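Chemist: This is the structure, below, for whatever I ask next.
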Amino acid sequence: MFFNNIFSTPSIFKRKPLTVIALTALFLVGCDSSSDDDESNTGSLRFYNLSSNSPAMYLTVDEDLTDEDDDAFEKTYTGVNFTELSASTSINTGDYAYEVSFQDEDSVYRDDLSIVLEGDLSINKDTMHLMVLNSDIGAPDVTMFEIPVIDDDNDDEDNLFNLRVLNMLDGDDLPNLYLSKEDETFNEAILIGAFSSQEFSDNTKFEQDSYIFYITDGMSDDILYQSDEITFSYASQYVMVIRENTATGDSPYLLDKISNSAIVEYIDVNTESHIRAYNAIKTHDLLPEYVGNISINLDNVDSSISSNSFGFGQFSETLTQESGDYSIDVAIAGSDSNLITNHLLTLTENADKTVFFYLEETNVDDDNDGDIDEDNDGVVDEVEVNVNSLLIENSQGESIYDHQITLVNLINDDDFDFVRFYFVRSNELISTTPYDALVSYAQPVYTTLLNNTYEVYVVAQEGSSEVILHSFELILNEDSNNSFMIIQDDDSTASGYVVSMEDQ
């Protein structure tokens, strides 16, 4: 069945044990001061990372930079990636210093982080403070927005919610934001307002319901963005953030809905998606027509598109399609034959995906007795081959200080079920590096590496021995991109295997 191997796994990339300070909802305060806290004299703080080329960023809030006494308030938020929002933390009112930093060493202790910004902030009573990191991380900026806490005890009866709009687009454009009920169109939409860059609107109350949001450029009624249905079910405070779409879709905009509990991204419902394919299908005696080149074709009720021919170890060109459900065929180039026919591919809005096609050889056991060498000649009696697929969501991150590497193992070998990737720096050995990842057959693993020079070793276990299948030097710097690292069979190498590295 197509896409049996399609999934998103958590990274099992390992590091040596490190101590992480001050997780998101944890205070590092002394026992004496905590007993004196006046809960009614507090505000809250959340950290929102909108610097598109930043790594995970750490915010530290310190009551007194010169005081190392445990009684002084100090907190470091867990790293916040691009477009992510930290949890809300309650802090006593008063003046504080802050540091914004990132991890450029193995340690995430505050003293080991690299500071990019520092300054002062004030926490006010009954106020939610939203600190937004924006601009290029090489010249970053932070802006603080204050949201007074509203007592909505009476609004539950009136079925109202509170809405503010924050425009985090750069430039002089004044995008218009509209909303309509879910069963209405833009013709019935009402204008919420036109907002300049970094403008934070006053609070407006609306009836609890499901709405569709629209953005126009302020000069016409041409719709440049339309959201899916967004439901507001509680008498709560919400912030709709207008920001740049840094993914694949044509719309320049998208919306983030910030609530008390979460942040949700809403992509333009009409945006297109990108898909490309990688050919890891080996030639085989059981596929005599296939000599190494394929093309792919996507079909649904409204459209059809085909790629050019591309060879073994190559990517197709990127195909742009509307979101939807498609059947996909993999055709043998120059032939009327298909290797895959009418298999399902679903493209969501703004998706950017790569599908890997590879050949899997299996032993045939027709009588299901577990014996694949019935005549005892030491040779498997019969094998069959299938073309399988592996679908991977490409990374949208653009960090210049660290980079995501997606590790893909396409070795179909009975001698070992997995390989291990080691990333070894100049002062380390394979046995001492904290950076290694176990990668099973056709199961991608996602790792993030800091900028550095690494010797990469791909090692397999054969019996009681470890065998190096491939090794090479990897240099990561500010110009590097997020990449695929693919290991597969290659009869032209001494080991029989090769690693290729391709930009996502």
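The values are calculated or read from the model by the stated rules, or taken from the named source; none is laboratory data. Model, not experiment: these values are computed from the prediction. Because the Cβ atoms are built from the backbone with ideal geometry, glycine has one as well, and the counts that use them run over all protein chains shown. Just so you know, the surface numbers come from the protein's heavy atoms only, side chains and all, with ligands and any DNA or RNA stripped out. Shrake-Rupley method; radii C 1.70, N 1.55, O 1.52, S 1.80 Å.
Rundown of residues vs (1) open to solvent by less than 70 Å² (accessible area, probe 1.4 Å); (2) small (Gly, Ala, Ser); (3) in a strand (DSSP E or B), yes/no style:
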{"residue": "Thr283", "(1), (2), (3)": "no, no, no"}
{"residue": "Ile294", "(1), (2), (3)": "yes, no, yes"}
{"residue": "Asp302", "(1), (2), (3)": "no, no, no"}
{"residue": "Gly313", "(1), (2), (3)": "yes, yes, no"}
{"residue": "Ser327", "(1), (2), (3)": "yes, yes, yes"}
{"residue": "Asn342", "(1), (2), (3)": "no, no, yes"}
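Chemist: Look through the stretch 447-478, keep the residues that are in contact (Cβ under 8 Å) with a residue 60 or more places away in the chain and open to solvent by 30 Å² or more (accessible area, probe 1.4 Å), and return whichever of them is farthest from Glu317 (Cα to Cα). Explain how you work it out, then say what you get.
Modeler: Taking the stretch 447-478 and keeping what is in contact (Cβ under 8 Å) with a residue 60 or more places away in the chain, we get 447-448, 450-451, 476, 478.
Right, trim to open to solvent by 30 Å² or more (accessible area, probe 1.4 Å) and you get 448, 451, 478.
Details: Thr448: 26, Asn451: 29, Glu478: 26 Å.
Restricting to residues being in contact (Cβ under 8 Å) with a residue 60 or more places away in the chain and open to solvent by 30 Å² or more (accessible area, probe 1.4 Å), the top hit is Asn451.
Chemist: So how many residues does the stretch 73-105 have that are assigned to a strand (DSSP E or B) and open to solvent by 40 Å² or more (accessible area, probe 1.4 Å)?
Modeler: Of all residues in the stretch 73-105, those assigned to a strand (DSSP E or B) come to 74-76, 80, 85, 89-92, 94-102.
Then keep just the ones that are open to solvent by 40 Å² or more (accessible area, probe 1.4 Å); that gives 74, 90, 92, 95.
Number satisfying all stated conditions: 4.
Chemist: If a residue has to be open to solvent by 10 Å² or more (accessible area, probe 1.4 Å), within 17 Å of Ala97 (Cβ to Cβ) and among the polar types (S, T, N, Q) to count, how many in the stretch 40-67 make the cut?
Modeler: Residues meeting the conditions: 1.
Chemist: Just for strands (runs of 3 or more DSSP E) wholly inside the stretch 401-504: which have at least 1 residues that are within 24 Å of Asn279 (Cβ to Cβ) and in contact with a His (Cβ under 7 Å, 6 or more places away or on another chain)? Step through it out loud before you land on a result.
Modeler: On the way: elements: 402-409, 418-424, 436-440, 445-450, 452-462, 465-476, 483-489, 497-503.
Because the criterion is at least 1 residues that are within 24 Å of Asn279 (Cβ to Cβ) and in contact with a His (Cβ under 7 Å, 6 or more places away or on another chain), the strands (runs of 3 or more DSSP E) in the stretch 401-504 that meet it are 452-462, 483-489, 497-503.
Chemist: Would you mind telling me which numbered condition in (1) under 27 Å from the mean Cα position of the chain (by Cα); (2) buried (at least 16 other Cβ atoms within 10 Å of the Cβ); (3) over 16 Å from Asn81 (Cα atoms) Val108 fails?
Modeler: Here Val108 meets the rest and fails (3).
Chemist: Related question: Could you check, for the stretch 228-238, whether at least one of its residues is in a strand (DSSP E or B) and either at pLDDT below 95 or open to solvent by 30 Å² or more (accessible area, probe 1.4 Å) (or both)? Explain how you work it out, then say what you get.
Modeler: Just the residues of the stretch 228-238 that are in a strand (DSSP E or B), to begin with: 230-232, 237-238.
With either at pLDDT below 95 or open to solvent by 30 Å² or more (accessible area, probe 1.4 Å) (or both) added as a condition, the list becomes 231, 237.
Looking through the stretch 228-238, at least one residue is in a strand (DSSP E or B) and either at pLDDT below 95 or open to solvent by 30 Å² or more (accessible area, probe 1.4 Å) (or both).
Chemist: Quick one: is Ser335 in a loop (DSSP other than H, G, I, E, B) and closer than 30 Å to Asp172 by Cβ? It would help to see each step written out before you state the result.
Modeler: On the way: in a loop (DSSP other than H, G, I, E, B): yes; closer than 30 Å to Asp172 by Cβ: no.
Answer is no for this residue.
Chemist: Please pick out the residue among Asn386, Asn427, Asn394 that is more than 26 Å from Ser107 (Cβ to Cβ) and over 25 Å from the mean Cα position of the chain (by Cα).
Modeler: Numbers: Asn427 fails: more than 26 Å from Ser107 (Cβ to Cβ); Asn394 fails: over 25 Å from the mean Cα position of the chain (by Cα).
The match here is Asn386.
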